[in-house]
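Presented below is the structure to which this report refers.
The values are calculated or read from the model by the stated rules, or taken from the named source; none is laboratory data. Here the structure is a predicted model, which is why all the values come from computation and not from measurement. Cβ placement follows ideal geometry from the backbone for every residue including glycine, while neighbour counts extend to all protein chains displayed. Ligands, DNA and RNA are excluded from the accessible area calculation, which covers all protein heavy atoms including side chains. Shrake-Rupley method; radii C 1.70, N 1.55, O 1.52, S 1.80 Å.
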There are 2 protein chains.
Amino acid sequence: MLTCPDYEVILQSAKRIKPFIHRTPVLTCQTINDMCSSEVFFKCENFQKAGSFKYRGATNAVLSLSETEARTGVITQSSGNHAAAIALAAKRKGIKAFIVMPSNAAKAKISAVRTYGGEIHFCEPTISSREELADRLVREKGFPLIPPYNDYRIIAGQATAALELLEQVNNLDIIIAPVGGGGLLSGTALTASGCSQKIQVFGAEPQGADDAQRSFIAGKLIPQTAPNTIADGLLTSLGSLTFPIIQKYVHDIELVSEDSIITAMRFVFERMKIVIEPSSAVAVAPLIEQRGKFEGKRIGVILSGGNIDLDRLPWM
Amino acid sequence: MLTCPDYEVILQSAKRIKPFIHRTPVLTCQTINDMCSSEVFFKCENFQKAGSFKYRGATNAVLSLSETEARTGVITQSSGNHAAAIALAAKRKGIKAFIVMPSNAAKAKISAVRTYGGEIHFCEPTISSREELADRLVREKGFPLIPPYNDYRIIAGQATAALELLEQVNNLDIIIAPVGGGGLLSGTALTASGCSQKIQVFGAEPQGADDAQRSFIAGKLIPQTAPNTIADGLLTSLGSLTFPIIQKYVHDIELVSEDSIITAMRFVFERMKIVIEPSSAVAVAPLIEQRGKFEGKRIGVILSGGNIDLDRLPWM
């Protein structure tokens, strides 16, 4: 896919992946509604296959491969959820997946990739090291690379989460999605702008990895240098394809503190009785931090995933 | 309610409480299905208001009070979920709730009762101490007592969880519910036997609080003397009203070890991404412990609740 996906392409992607993904439920929570005097609808991508929205993009990308390409295998690099998603999507397609992961990736995520039969190649925990090893594997194996977010097939796949949400809930005023590399946020914004409704899309980002907000304000890509946050899915920087979409269609980027992320995560465990990872909590935190801001609105929140190390919950 | 609720009474109870309770979702998990070569449908009462199925019985009991009784307040005694459920049901009705709780009740459960405006009276952590204090409060205040399980209004209310499950899923062969005092299990068995389908109902019980199995085998009530299990909702003994129903309509009682409870609980967190309490995990454990036994069946599992102390997860 060489051009930015329009609404029609998102609809096609949704149709392509529909038989393979979960149509995840939308949950509500009276306590949160009362707390921020609004109606909040949580799109539970933590219940998605492989535990996160990433399975949408991965499935769309793998199913978009040409017959020749799809006969062999795929390569990717990711710290976690995209890795597991590609491994599972490749397994379902009956092809191999070679995954470059940083040596410090979460144990649960490494174990998920192995469960799905992905072949892991560890690298140093830097973006350059990851990309070098991935490029080398591409040269050696000759298989196509499926990037974690900077790819229109991936963006179109992630866009289908918001598409489903808009089918499930009417008249949303706002959608909040977490932002790391920007695949989910750009896809969400494309969906929202593509449908006729007037919906403001907000990105939510940890203070300790705030390249999206800085880029958004500066009007140019400012890569993350030393990200520091427990939201391990949001350490990456925006990409050359995701940033222009975000710049054009996203209303604003909300920064949240580490304390707020942990508070929001625990709140969702306690009150909603569901397991989310810190990156998901980033999109809940603005509702708790800035209650007044969202008063009287109908708000969709994309809970991006639920893959955590249960031995190391952040409030322990 | 002076006679054992029949199917018609359960339907009436469902109608009575419907506007006040959540119709909780039914979730499935491919990994569990694959693991035990069966189809398992989880009725998520952890998503119920006040965090457990107990809100069904509590609401049914409070709404069944006479006009005179309902003008004032109610009294109950419970180690946790029933206490919170009564406090919330009373609050919704606009009356007071006086709750006798053991001094060692889980912090999260004490805090829930307080959130819902219940007035807590602490007692020693023995059943006799609880009952004495509850009786004294009844004499002093003159308010009606709503027991946690040995009460037909409560049993009929709890029976509505299985009723909903049977509306949501067709052709179940088996339903598994945890058993403590037997309110949920007896209600489930009444529902299953009352509908035309041939469904076997199993109780699931911790080895460390196995009075239901012992009573079931002996054919007479054998109260629990020194229960010892992390499933804090299942410490109580069967009651004089719940036992005969269980004896008549329940197929069998499965005992599970503490290790299995913890394994099942963690499995549900990790794979299903939902928060359940140990008592819920007791009904999942037989599927993991005795995989062969349930092969080829369509199984409903009632996940009874999700109220846990997140600072003290049992695998930590």
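Restricting to strands (runs of 3 or more DSSP E) lying wholly in the stretch A:71-128: which have 3 or more residues that are under 18 Å from A:ASP151 (Cα atoms)?
Details: elements: A:73-77, A:96-102, A:119-123.
Qualifying strands (runs of 3 or more DSSP E): A:73-77, A:96-102.
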Would you mind stating whether A:VAL268 is closer than 27 Å to B:ILE274 by Cβ and not acidic (Asp, Glu)? yes
Cβ-Cβ under 7 Å pairs, at least 6 apart or on other chains, the stretch A:287-316 side within 11 Å of chain B (Cβ to nearest Cβ) and part of a strand (DSSP E or B), far side of a type in the set (S, T, N, Q) and open to solvent by less than 70 Å² (accessible area, probe 1.4 Å): A:LEU303/A:ASN46; A:LEU303/A:SER280; A:GLY305/A:ASN46; A:GLY305/A:SER52; A:GLY305/A:ASN81; A:GLY305/A:SER279; A:GLY305/A:SER280
B:LEU310 passes all but one of the listed conditions (1) within 22 Å of B:GLY208 (Cα to Cα); (2) open to solvent by less than 10 Å² (accessible area, probe 1.4 Å); (3) at pLDDT below 95; the exception is number (1)
Tell me yes or no: at least one residue of the stretch A:246-262 is within 14 Å of chain B (Cβ to nearest Cβ), closer than 28 Å to A:GLY157 by Cα and not in a helix (DSSP H, G or I). no
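Of everything in the stretch B:30-44, what is more than 10 Å from every other protein chain (Cβ to nearest Cβ), closer than 17 Å to B:ILE175 by Cβ and not β-branched (Val, Ile, Thr)? Give them in sequence order.
Here is the first cut: in the stretch B:30-44, the ones more than 10 Å from every other protein chain (Cβ to nearest Cβ) are B:32-43.
With closer than 17 Å to B:ILE175 by Cβ added as a condition, the list becomes B:32-33, B:36, B:38-43.
If the condition is that a residue be more than 10 Å from every other protein chain (Cβ to nearest Cβ), closer than 17 Å to B:ILE175 by Cβ and not β-branched (Val, Ile, Thr), then B:ASN33, B:CYS36, B:SER38, B:GLU39, B:PHE41, B:PHE42, B:LYS43 are the ones that fit.
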Of all residues in the stretch B:48-74, how many are within 14 Å of chain A (Cβ to nearest Cβ) and of a type in the set (A, V, I, L, M, F, W, C)? 2
When only residues in the stretch A:112-144 that are small (Gly, Ala, Ser) and in contact with a helix residue (DSSP H, G or I) (Cβ under 9 Å, 6 or more places away or on another chain) count, which is surrounded by the fewest Cβ atoms within 10 Å (Cβ to Cβ)? A:GLY117
Number of the condition not met by B:SER13 [criteria: (1) surrounded by fewer than 17 Cβ atoms within 10 Å (Cβ to Cβ); (2) away from chain A (no Cβ under 14 Å); (3) within 19 Å of the chain's Cα centre (by Cα); (4) not charged (D, E, K, R)]: (1)
Just wondering, is there one or more residues in the stretch B:288-302 that are at pLDDT 95 or above, open to solvent by 10 Å² or more (accessible area, probe 1.4 Å) and within 25 Å of A:GLY305 (Cα to Cα)? no
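Is the stretch B:150-157 home to any residue that is open to solvent by less than 40 Å² (accessible area, probe 1.4 Å) and hydroxyl-bearing (Ser, Thr, Tyr)?
Within the stretch B:150-157 (the criterion being open to solvent by less than 40 Å² (accessible area, probe 1.4 Å) and hydroxyl-bearing (Ser, Thr, Tyr)), the answer is yes, since at least one residue qualifies.
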Suppose we keep only residues that are over 10 Å from A:ILE253 (Cα atoms) and at pLDDT 95 or above within the stretch A:195-205. Which one would you say is surrounded by the fewest Cβ atoms within 10 Å (Cβ to Cβ)? A:GLN200
Has the stretch A:236-252 got at least one residue that is closer than 18 Å to A:VAL282 by Cβ, at pLDDT below 95, in contact with a Leu (Cβ under 7 Å, 6 or more places away or on another chain) and open to solvent by less than 60 Å² (accessible area, probe 1.4 Å)? no
Mind listing just one residue for me: the one in the stretch B:21-39 that is more than 19 Å from the chain's Cα centre (by Cα) and open to solvent by less than 20 Å² (accessible area, probe 1.4 Å) and, of those, farthest from B:ALA281 (Cα to Cα)? B:SER38
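Just a yes or no: is a residue in the stretch B:41-48 modelled with pLDDT under 95 and touching a helix residue (DSSP H, G or I) at 6+ places or on another chain (Cβ under 6 Å)? Before the answer, list the steps.
Filtering the stretch B:41-48 down to residues modelled with pLDDT under 95 leaves none.
No, there is no match, as no residue in the stretch B:41-48 is modelled with pLDDT under 95 and touching a helix residue (DSSP H, G or I) at 6+ places or on another chain (Cβ under 6 Å).
Determine if the stretch B:28-37 includes at least one residue that is outside any helix (DSSP H, G or I), over 20 Å from B:GLN158 (Cα atoms) and free of Cβ contacts under 8 Å to residues at least 40 places away in the same chain.
Quick first cut of the stretch B:28-37, residues outside any helix (DSSP H, G or I) only: B:28-29, B:37.
Pick out the ones that are also over 20 Å from B:GLN158 (Cα atoms) and you get B:28-29, B:37.
Right, trim to free of Cβ contacts under 8 Å to residues at least 40 places away in the same chain and you get B:28.
For the stretch B:28-37, residues outside any helix (DSSP H, G or I), over 20 Å from B:GLN158 (Cα atoms) and free of Cβ contacts under 8 Å to residues at least 40 places away in the same chain: present.
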So A:THR188 passes all but one of these: (1) assigned to a helix (DSSP H, G or I); (2) of a type in the set (Val, Ile, Thr); (3) farther than 16 Å from A:LYS248 by Cβ. Which condition number does it fail? (3)
Determine whether the stretch A:219-231 contains at least one residue that is in contact (Cβ under 8 Å) with a residue 12 or more places away in the chain, under 30 Å from A:ASN171 (Cβ atoms) and either surrounded by fewer than 22 Cβ atoms within 10 Å (Cβ to Cβ) or among the basic types (Lys, Arg) (or both). no
Restrict the check to the stretch B:218-229 and report whether at least one residue is within 18 Å of the chain's Cα centre (by Cα) and closer than 21 Å to B:LEU287 by Cα. yes
Is one or more of the residues making up the stretch A:265-276 more than 14 Å from chain B (Cβ to nearest Cβ), β-branched (Val, Ile, Thr) and open to solvent by less than 10 Å² (accessible area, probe 1.4 Å)? no
For A:LYS109: the one exception among (1) at pLDDT 95 or above; (2) open to solvent by less than 20 Å² (accessible area, probe 1.4 Å): (1)
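Of the residues B:LYS18, B:LYS54, only one is of a type in the set (D, E, K, R), free of Cβ contacts under 8 Å to residues at least 12 places away in the same chain and open to solvent by 20 Å² or more (accessible area, probe 1.4 Å); which?
Working: B:LYS54 fails: free of Cβ contacts under 8 Å to residues at least 12 places away in the same chain.
Just a single option satisfies the conditions, and that option is B:LYS18.
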